[in-house]
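The values are calculated or read from the model by the stated rules, or taken from the named source; none is laboratory data. All figures in this text were calculated on a predicted structure; none of them were measured in a lab. Don't worry about glycine lacking a Cβ; one is built from the backbone with ideal geometry, like all the others, and counts go over all protein chains shown.
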Amino acid sequence: MVTVCCMPSSASHSSGRPKRAQNSKTLTVDIHCHISTPECEPLVRGLFSPEKEPFVFFSSAETREINQRLFATMAAKMTSPEERLKDMDRMGIDIQAISPSPNQYYYWTDGELGLQLARLQNERVAEIVRAYPTRFVGMGTLPLQNVGGAVQELERVVKVLGLRAVEIATNVNGVDFDDPRFEPLFAKAEELEVLIFIHPIGCTAGERMREYYLINIVGHPLESTVAVSRLIFGGVLERHPRLKICVAHGGGYLPFYAGRMDHAYQVRPECQHLIKRPPSTYLQQLYFDTVLYTAESLAYLVKQVGSDHVLLGTDYPADMGEADPVGYIRKVRSLSREDKANICGGNAARLLKISP
């Protein structure tokens, strides 16, 4: 097990090895950071239409134009590990758990093409990890529109490519994860002891969120809230107690309003069909990143779920990301040194099986 503390590193990206501050055993690990695989784009050219992606469909013309310019400026950071290593050094991040960009889930493709696209991305993640094994660990993606293929790819991702986690959306073409079709996926993830990182892409109920970038500001945390609520009330966490799931953006709104779930569980029979205890207790089976922006919000999240269930995340390189993640965690006065150590890297090291 790795001992970690919330200390920025003076890492050397040229050697690919982090030169950690005074204590050589310390690590900071970013659980939430994306890459893109441009080689996928020719395979889907001509197949995409806006209604297939809520993030695009429920965005205003202004938002689409801004995003187009933004993605162009982020291209080097999304594709070049050397470029991002410079930013990691500046931000005090020793290791990134790199994951595919959510706009490359491609769940709207057919199962065969989806598997091909997932494999391309997973191979790219593995390639970066092999090139810089002390700076990156990998998360894969899965063709969840084809659960059988997704289960096979999950096994390959872990056993062949050596990736430590997989990233999934909050639903698959409008189907939620309490649907019985996904049971084999969660059973295999539990068997492999692999971390699942849930990251939304837009919001399926986005009709009122086109303006003001609400599709991201409100839509993303709302999507995570609904997804986690269905995992709880649908009995997925009851049936799979050893699942390891981390939810992006601090888990959405749910950790901050869990009392409403518990009240409903006490008074509404339809909330009791598939679970045996108050809904909020299942939050203890989940993990959450720190992309909450204010020290007060992070302090409340830790109070709700414990410092051992919160992981440093940046959402790199998005403009909605956190540029000073270590400094942000340090600002939370209610956290002990041990709490900060857990959040900055200890929890991620444990979940991702990072060795010293």
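Scanning the range 242-278 for residues that are touching a Lys or Arg at 6+ places or on another chain (Cβ under 9 Å) and surrounded by 17 or more Cβ atoms within 10 Å (Cβ to Cβ) yields a count of 1.
Only one entry of Leu115, Leu27 meets the criterion of being surrounded by 20 or more Cβ atoms within 10 Å (Cβ to Cβ), at pLDDT 95 or above and on the phi < 0 side of the Ramachandran plot, and that entry is Leu115. Filtering the range 318-327 to residues that are crowded, with 16+ Cβ neighbours inside 10 Å and either hydroxyl-bearing (Ser, Thr, Tyr) or in a helix (DSSP H, G or I) (or both) leaves Pro325, Val326.
Just one residue in the set Glu207, Glu153, Glu190, Glu211 is farther than 22 Å from Val291 by Cβ and in contact with a His (Cβ under 7 Å, 6 or more places away or on another chain); that residue is Glu190. Can you pull out every residue in the range 33-60 that is of a type outside the set (D, E, K, R), under 24 Å from Met139 (Cβ atoms) and either at pLDDT 90 or above or in contact with a strand residue (DSSP E or B) (Cβ under 9 Å, 6 or more places away or on another chain) (or both)? If the condition is that a residue be of a type outside the set (D, E, K, R), under 24 Å from Met139 (Cβ atoms) and either at pLDDT 90 or above or in contact with a strand residue (DSSP E or B) (Cβ under 9 Å, 6 or more places away or on another chain) (or both), then Cys33, His34, Ile35, Ser36, Thr37, Pro38, Cys40, Pro42, Leu43, Val44 are the ones that fit. Cys203 meets all of the listed conditions (1) touching a residue at least 60 places away in the same chain (Cβ under 8 Å); (2) in a helix (DSSP H, G or I); (3) touching a Leu at 6+ places or on another chain (Cβ under 7 Å) but one, namely (2).
Restricting attention to the range 262-312, report how many residues are over 29 Å from Gly346 (Cβ atoms) and of a type outside the set (Phe, Trp, Tyr). If you could, list the steps in order and put the result at the bottom.
Restricting attention to the range 262-312, the residues satisfying the condition of being over 29 Å from Gly346 (Cβ atoms) are 262-276.
This time we only want the ones that are of a type outside the set (Phe, Trp, Tyr), so: 262-264, 266-276.
So the count comes out to 14.
Quick check on the range 100-116. Is at least one of its residues assigned to a loop (DSSP other than H, G, I, E, B) and over 29 Å from Phe186 (Cα atoms)?
Step one: list which residues in the range 100-116 are assigned to a loop (DSSP other than H, G, I, E, B), which gives 101, 105-110.
Restricting the remaining residues to those that are over 29 Å from Phe186 (Cα atoms) gives none.
Looking for residues that are assigned to a loop (DSSP other than H, G, I, E, B) and over 29 Å from Phe186 (Cα atoms), one finds none in the range 100-116, hence no.
Please state which one of Tyr253, Tyr257 is of a type in the set (Ser, Thr, Tyr), under 30 Å from Gly138 (Cβ atoms) and without any contact (Cβ under 8 Å) to a residue 60 or more places away in the chain. None of the others qualify; the one that does is Tyr253.
Applying the criterion of being part of a loop (DSSP other than H, G, I, E, B) and within 18 Å of the chain's Cα centre (by Cα) to the residues of the range 328-356, the residue that is surrounded by the fewest Cβ atoms within 10 Å (Cβ to Cβ) is Lys353. Checked against the criterion of being among the aliphatic types (A, V, I, L, M), at pLDDT 95 or above, assigned to a helix (DSSP H, G or I) and surrounded by 18 or more Cβ atoms within 10 Å (Cβ to Cβ), the candidates Val129, Val137 yield just one match: Val129. Pairs are defined by a Cβ separation below 6 Å, a sequence spacing of at least 6 or placement on different chains, a first member in the range 170-197 that is more than 15 Å from Val151 (Cβ to Cβ), and a second member that is of a type in the set (Val, Ile, Thr) and surrounded by fewer than 22 Cβ atoms within 10 Å (Cβ to Cβ); the pairs so defined are Gly174/Thr204. For the range 141-191, the candidate set comprises residues that are closer than 20 Å to Glu112 by Cα and among the basic types (Lys, Arg); within that set, the residue that is surrounded by the most Cβ atoms within 10 Å (Cβ to Cβ) is Arg156.
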